[in-house]
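Enquirer: Have a look at this one before I ask anything.
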Amino acid sequence: MSGTARIDGVFDGALVGWAWDTARQTTRLHLVVQVDNIEIGEVIADRFRSDLQRNRIGDGAHGFSCPLPIDVQDGGLHDIVLAEASDFGLRTLITARLEMPLRTHLVQGKVERVSQGMLHGWAWDRARPGQALTVEMVVAGEAIARTSASRFRRDLLTAGIGSGAHGFVFDLNVLSPSPMPGTPLGVRALVGSDCIDLGNLPLPAVSSPAALPDPAAVLLAAQPFAAAKSSRSAPRAIFDAAKIKTEAREAEQRRDFAQAATILDAGLRRAPNEFDLLFLRARVALAMNDTETATRHARAALKIRPGHVQPTVLLARLASNRGDHAEAVEHWAHVPSDHERYRERLVKRGRSLLALGRLLEALGEFCGATRLNPADRDAALGATDAAEAIGAPHTARRHLARYVAAAPTDEAAALRLQDLIQRTTVTPEATTPLRDPWLRHWTSHIVGEAEVEPRRITPWVSLRSLRLGERLSFAAAAPREWRPGDLPSYGLWLSVPEGGGELRFVLNPAAGTDLCRGVVMGITAQASAEQQCILRVVLASGDDERDLTTVRLTASLRIYRYALHLTAAEAELLAFEQCALLLRAAGPGELMVYPPQPICALSSRPVRRARMEAAAVEDGLRALGLGSDRARHTGPEQALASADAVR
Amino acid sequence: MSALVQASIWRAEAVGGIWANEDENLPGTTVLGWVLAAATGPTEVGLDIQGLGVQTVVADREPPAGVDVPPDARMFSWRPPPEASLPTEYALRAFDLDSGRELDGSPVLCRAVRGPVITAPPLGRWPHGLAGVIGSADRELTPDLWVGTASSARALRFEALAPVGGQRRGVRLLALAPPVPRVVAYLAPTFTAPAAGERVTFFLDVWLPQATGPNQQAQCEIWLARRDGGSFVLLRRLRRARIFRRPSTLQVEWATPEPEPGQETAGEADADKDSHWLAVVVRDGPGLCVMAPTLDGPPEQPARMEDSRLEASFAALAELVRLHGTATEQHPLLPPLPAPARPWAQVQADYTHPFTEIILPVYNGNTSVRDCLRSLRAAATDHVRVLVIDDGSRSLTAEMLRAETDGDPFFRLHHRVTNRGYTKSINEGLALTTADWVVVLNSDTIVPPGWLERLHTAVRARPGTGMAGPLSNAATWQSIPAAKRPDGTWSTNDMIEPRHATSVQALLTEASERAYPEFPALNGFCTLIARAVFDEVGPYDEDAFPMGYGEETDLCLRARRAGFRLTVADDAFVFHEKSVSFGSANRRRLTRAGNLELSNKHLGANIGALEAAMAACEPMQRLRLRMAERLRELD
């Protein structure tokens, strides 16, 4: 087994290379391509390449080209593994790390021909085979018509162009002003903000509408006998209309829309105000992606029978397709709840309302569709979008959960649900030792001054200056995420006056059990570069106070640990929110401090083994009041001094 | 409470009800209501408030006795925040969001009472909270800041920005499903509008909140807007610019044209001055960050060149030379290096026996962590202490850590219950240590005796060194004997096993020529770092690299920009078991996110060129050959 392989690179959205086994020189290797450990395709290395032949790589037919999914062509580095699929499983031939060129689409398409006054062609985006591209006709650099490439064509399907529904047709007869014969008609596809040219064709002279015989006249001329007969037996218009309707419907069912349009146009020339003909013509025009004709006829039909549902539905769809959401919303509103299109109305009107930013109404429509059918996926997804845009994550989560239950294979939705669950799951705020450790909701300005009278900045945090006449300045500052993805919590910047200042954090009665068992807390703080600042952490319960720790702040941000362990008496007061953590800073000075955070439970620490020597050193240092700073270069003792004060 | 007992008859199929409550103690209208409880989770009610847009309240209160509502109902109440800009009379409609139905009694006609005008500094009052997630509709965040986005965006996360010590504040808006076609922040100007024929020049700091593409830019437009109740009309564009991940200061001219005689002005100069707002629009980006507008421009630097653009390009080029060339390059043409917080001379003087603390973040991984701890213990000297940061590991690992470290003064265990991610853990380690030198060490390593002395020797050998790293079996360009496999992937040199750490070190001691080469970046598995580096360039960047993946390269590049040298101790070996800490799909996502942030943060850095420099290091190539020879005798 001696396979050799090479990856030449990524060209035009496909991984290109060759693979050959010197021990089996005529075998075409069956390869599996993995990108970042995910299998993205299988390919047989059997393409002939003259360069391989020149370099004596077998007979040269060992090249391969494997189209890459769009999501890995992001301009980043990716690990590519080329493996041979043999009877013994996968055998890695080569691995490489490649920078993929950035691509946002893989558009292919062609302008094919002009015939019968119609420009035909096809276009699709291989990266998004399920979506129809929008194509524009360009004359002299200006877009003059736009349609969507979504017509089904069997020849496209057999040629492997997605589902085959990627054809497009432009009716050159409706263009006004009509371009001069010989003008090159260009077509381009719109992908995001990009335009991709698909080619152009000159407008042939015969396609001028004036030069063509009126198709309706041809049709009627071919049936002079029938027409003459009908004129005798019944009112002509009615007879004509019934017959034309039947013929047009038949043509429509054969998907021969051009024929149906010809028949209907002929009928409409006779009876321009016939509702059914107008409506049918509009429907046929919509099927041909001729939105302008469709809109004109549907409007005319609606004028004859105001409030009729069928043309309303047509107009609504047309408006939705055009992106005219305001009009779509109006039309859809006229579809009553007993109509068969009511479900479509709810979902599509909801989408349009969402696009217009009328979120609550949109939610109402989606919820209505859900009441019709609780397993309706579109409705559930729409309701999720609406609820999330309103800013109601809990409701969005419930709606999305319904969608995921109905569509368990949709991975993107599952990820989104995970994200919503993370956002709506109550972080253990309820059981944090402080009532408000995040400082996200301030009842007053986030910058200001406090005097001796405590100033409440959030419902559970207040601050004050400790000397009459002096003012303590404060500001919310330096947001940081406690965990990645969390909303940030805020710190406090304080300018402590002469005499000192005090911060008061009310303790949380809900965390009573934890606090009675004991919690290791950490306080993160920093002094300004010029001054050092001493911070005392005090537990206040009712009128009693006891010191927990005293730290000397430094110019770099540091974490200081201390134990918080309530006695039974204190726990009683805790229930009445009479317990608080006080941070007392000796002034004057500037400091930055974050609300104390719990680190772990005190009880989770096993009892330490006797450590006579170390404990003595530790106590000694503490008795001397040595801050960690002075013990900085002293080696092992330093570690002890800054070790947790927890025993 | 008396107002609660309202004689209301709710329809049998009603999902909820709402009524206005006038209380003589509280001016203005309070809205009270009830709604049937949702099956799971809190029940939310959507309020459509005329002049304030859509807001959500959570109905979470049990109905008090005597209130005539169904037994499984939840109550809610709403009052406008005191500064809310509401008309004196406004309509409020309420909807149950689970069923999409309007509540009985809706719409309610409410009265707003103007409270005393509280003058807040710009962006100084956040009645809806300093951070949160809101829907995509236009919404008031503060009395002088509204935000909105194209309605297709799902939701927007907002955070108040408040740098330490600075008096300026701003807002960070991040779309939860980026990129979005349009994100807008409407800011009330902090200065008066220019009179007709006059102009005002102001400055705005704008940048992108997150990197979602390599070398990303987005189109930013500053518009003059007029506020009209709860909506805004964009009047005219004042400036267009490209913005980046790094902040840009945009200078904007706001000139009010002279009104033409006999012509009505667009209502700009003469209309109500309060209705003029500035709209910052970012198109096709992940969101935006903007600081409140100010009239003070950035401090003027003494110009070294006549053309400021030329000077900017020259500065970028100089930085590039520093990054890609020798770190301490002192060329007369290059601008002088910033003076380090503590000059190296002092670091050198302290050097003889520097006390060093090892920061060892641990997240699960039982046996390899235990082996690491035991090897550290075996290699322990008097001047080393280990800080183990347990980043919320499973109880098995947590228990093992406790058993291994308990009663041993050599170890300090910082056990935390919540998992905060790798970068936050090492930053926490930095805040918990004080030594002048720290080692950031991965927990899947094995150290041989004498490893730290060798690292320090390398530091001493190359003056100006701020960071030093050893060789290993799996540490990208610090790997021996092979850095890469023949196929181009990173080698893990599988012939070296954990038990070989000491014997490989012995072989390396023989083979090394002790060249102590300088590298442009070091692998993050084991790095000796001077605290002077952190004092100078700040800690690891936990905003851009929360889960790791790029944070060490970022620190290396920042350290080199500040003039520190990065040295490889080519006579020290530390075994590295390349473990997998995240699932493959997750790792791919994180690596991608890290690479994007790195490419956006260090626009000038060419990672390929840096790698080429490391690959071309001659002493390392010679050493690899010699080691390949010697390692054949292993076992």
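FYI, it's all coordinate maths here, none of it is from the lab. Model, not experiment: these values are computed from the prediction. Here Cβ is always computed from backbone atoms with ideal geometry, including for glycine, and neighbour counts include all displayed protein chains.
Enquirer: For the protein assembly as shown, just say rounded, prolate or oblate: build the C-alpha gyration tensor, square-root its eigenvalues into a ≥ b ≥ c, call rounded for a/c under 1.5, and beyond that prolate if a/b exceeds b/c, oblate if not.
Expert: Values: a/c = 2.04, a/b = 1.34, b/c = 1.53.
It is oblate, given that a/c is not under 1.5 and a/b is not larger than b/c.
Enquirer: Using helices alone, what [θ] at 222 nm do you get for chain A, with -39,500 (n - 2.57) per DSSP H run of 4 or more residues, divided over all residues and rounded to the nearest 500?
Expert: Working: 19 runs with 213 residues, N = 647.
-10000 deg cm²/dmol, from helical runs alone.
Enquirer: Same structure, new question: For chain B, what does the helix formula give at 222 nm: sum of -39500 (n - 2.57) over DSSP H segments with n ≥ 4, over the residue count, nearest 500 deg cm²/dmol?
Expert: Numbers: 12 runs with 139 residues, N = 635.
Per the formula, -6500 deg cm²/dmol.
Enquirer: When the C-alpha atoms of the range B:446-560 are aligned to their principal axes, what extent does each axis show, in angstrom, from largest down?
Expert: 38, 34, 22
Enquirer: May I pose another question? Can you sort B:479, A:178, A:489 from fewest to most other Cβ atoms within 10 Å of each residue's own Cβ?
Expert: Working: B:479 23, A:178 17, A:489 20.
The most exposed by this proxy come first: A:178, A:489, B:479.
Enquirer: Is the range B:513-585 best put as rounded, prolate or oblate by its Cα gyration tensor, with a ≥ b ≥ c the root eigenvalues, rounded for a/c under 1.5, and otherwise prolate when a/b is larger than b/c, oblate when not?
Expert: Numbers: a/c = 2.39, a/b = 1.12, b/c = 2.13.
Verdict is oblate for the range B:513-585.
Enquirer: Can you pull the mean other chain C-beta count within 10 Å for peptide A:362-371? Write down the numbers at each step before the final one.
Expert: Numbers: counts 2, 8, 8, 1, 1, 7, 3, 1, 3, 3.
That average works out to 4.
Enquirer: When B:526, A:195 are ordered from fewest to most other Cβ atoms inside 10 Å of their Cβ, what list results? Mind dumping the intermediate values first?
Expert: Values: B:526 28, A:195 15.
Going from sparsest to densest Cβ surroundings: A:195, B:526.
Enquirer: Also, quick follow-up: Does the range B:380-458 come out rounded, prolate or oblate, given a ≥ b ≥ c as the square roots of the eigenvalues of its C-alpha gyration tensor, rounded meaning a/c under 1.5 and, failing that, prolate meaning a/b above b/c? Don't skip to the answer; put the middle values down first.
Expert: Details: a/c = 1.89, a/b = 1.47, b/c = 1.29.
Prolate, since a/c reaches 1.5 and a/b exceeds b/c.
Enquirer: How large is ³J(HN,Hα) for each residue in the range B:129-134, as worked out from phi by the Karplus curve 6.51 cos²θ - 1.76 cosθ + 1.60 (θ = phi - 60°), to whole Hz, x for Gly and Pro?
Expert: Residue by residue, the range B:129-134 yields x, 7, 8, x, 10, 10 Hz.
Enquirer: Additional query: If you take the charge dipole of the range B:176-237 about its Cα centre, with +1 on Lys and Arg Cβ and -1 on Asp and Glu Cβ, which of B:196, B:179, B:213 is farthest toward its positive end?
Expert: Farthest along the dipole direction, towards plus: B:196.
Enquirer: Now, a different point. Kindly provide the pair-distance distribution of the range B:509-635 built from C-alpha pairs, with 5 Å bins from 0 and whole-percent values in order of increasing distance.
Expert: Taking every Cα pair in the range B:509-635, the percentages come to 2, 9, 16, 19, 19, 15, 11, 7, 2, 0.
Enquirer: So if I place +1 on the C-beta of Lys and Arg and -1 on the C-beta of Asp and Glu, and nothing else carries charge, what would the dipole magnitude of chain A be about its Cα centre? I want it in debye, nearest 20. Walk me through the intermediate numbers first.
Expert: Values: 76 positive and 75 negative charges, 327 e Å.
Value, rounded to 20: 1580 debye.
Enquirer: Quick one: putting +1 on the C-beta of Lys and Arg, -1 on the C-beta of Asp and Glu, what dipole do you get for the protein assembly as shown around its Cα centre, in Debye to the nearest 20? Could the numbers behind the result be given before it?
Expert: Details: 141 positive and 152 negative charges, 510 e Å.
Computed charge dipole of the protein assembly as shown: roughly 2460 debye.
Enquirer: Now for a separate question. Quick one: which residues, 5+ away or cross-chain, put their amide H under 5 Å from the amide H of residue B:572? H built at 1.01 Å from N.
Expert: B:471
Enquirer: Report the one residue of B:545, A:277, A:31 whose Cα lies farthest in the direction of the positive end of the charge dipole of the protein assembly as shown (charges on C-beta: Lys and Arg +1, Asp and Glu -1; origin at the Cα centre).
Expert: Checked the options; the winner is A:277.
Enquirer: Lysine pairs in chain A 8 or more apart or on different chains: how many have alpha carbons under 28 angstrom apart?
Expert: Details: A:229/A:243; A:229/A:245; A:243/A:303; A:245/A:303; A:303/A:348.
For chain A, qualifying lysine pairs total 5.
Enquirer: Viscosity 1.306 mPa s, temperature 10 °C: Stokes-Einstein D of the range A:51-101 from its Kirkwood Cα radius, in µm² per second? Please report the intermediate quantities before stating the final value.
Expert: Values: Rh = 13.3 Å.
For the chosen part, D equals 120 µm²/s.
Enquirer: Another question, then. Taking the Cα centre of each part, how many Å lie between the range A:243-257 and the range A:268-323?
Expert: Between the Cα centres of the range A:243-257 and the range A:268-323 lies a distance of 16 Å.
Enquirer: Using the Cα centre of chain B as origin and beta-carbon charges of +1 (Lys, Arg) and -1 (Asp, Glu), tell me which of B:573, B:520, B:396 is placed farthest towards the positive end of the dipole.
Expert: B:573
Enquirer: Next question. Arrange the following residues from fewest to most other Cβ atoms within 10 Å of their Cβ: B:77, B:368. Could the numbers behind the result be given before it?
Expert: Working: B:77 14, B:368 18.
With the sparsest Cβ surroundings first, the list reads B:77, B:368.
Enquirer: With a point put 7 Å past each Cα toward its Cβ, work out how far residue B:239 is from residue A:339 in nm, to one decimal.
Expert: Each label point is offset 7 Å from its Cα along the Cβ direction, giving 5.2 nm.
Enquirer: Let me ask you something else. Between Rg and the Kirkwood Rh of the range A:1-46, both from Cα atoms, what is the Rg to Rh ratio?
Expert: On the way: Rg = 11.3 Å, Rh = 11.5 Å.
My calculation puts Rg/Rh at 0.98.
Enquirer: Cα convex hull of the range A:331-459: how many Å³ per residue? Don't skip to the end; give the middle numbers.
Expert: On the way: hull volume 20.1 nm³, N = 129.
Taking only Cα atoms, the range A:331-459 has a hull volume of 156 Å³ per residue.
Enquirer: Moving on to the next point. Alpha carbon centre of the range A:461-510 versus the range B:461-538: separation in Å?
Expert: 44 Å
Enquirer: Could you calculate, for the range B:379-422, the ratio of the Cα radius of gyration to the Kirkwood radius, expressed as Rg to Rh? Can you show the working numbers first?
Expert: Values: Rg = 11.3 Å, Rh = 11.2 Å.
Rounded to two decimals, Rg/Rh equals 1.01.
Enquirer: Then there's this: Considering the convex hull of the alpha carbon atoms of chain B, report its projected area averaged over all viewing directions, in nm², one decimal.
Expert: Working: hull surface 150.3 nm².
Averaged projected area of chain B's Cα convex hull equals 37.6 nm².
Enquirer: Using only alpha carbon positions, build the gyration tensor of the range B:151-228, then give the equivalent ellipsoid semi-axes as the square roots of 5 times its eigenvalues, largest first, whole angstrom. Show your work: numbers first, answer last.
Expert: On the way: eigenvalues 138, 59, 37 Å².
Semi-axes (√(5λ), whole Å): 26, 17, 14.
Enquirer: While we're here: Compute, for the range A:446-530, the length of the dipole vector about the Cα centre, with Cβ point charges of +1 (Lys, Arg) and -1 (Asp, Glu) only. Units Debye, rounded to 20. Walk me through the numbers on the way to the answer.
Expert: Working: 9 positive and 10 negative charges, 49 e Å.
It comes to approximately 240 debye.
Enquirer: Here's something else I'd like to know. Report the percentage of all Cα-Cα pairs in chain A whose separation exceeds 44 Å, rounded to a whole percent. The partial results should precede the final answer.
Expert: On the way: 112873 of 208981 pairs.
Taking all Cα-Cα pairs of chain A, the fraction more than 44 Å apart is 54 percent.
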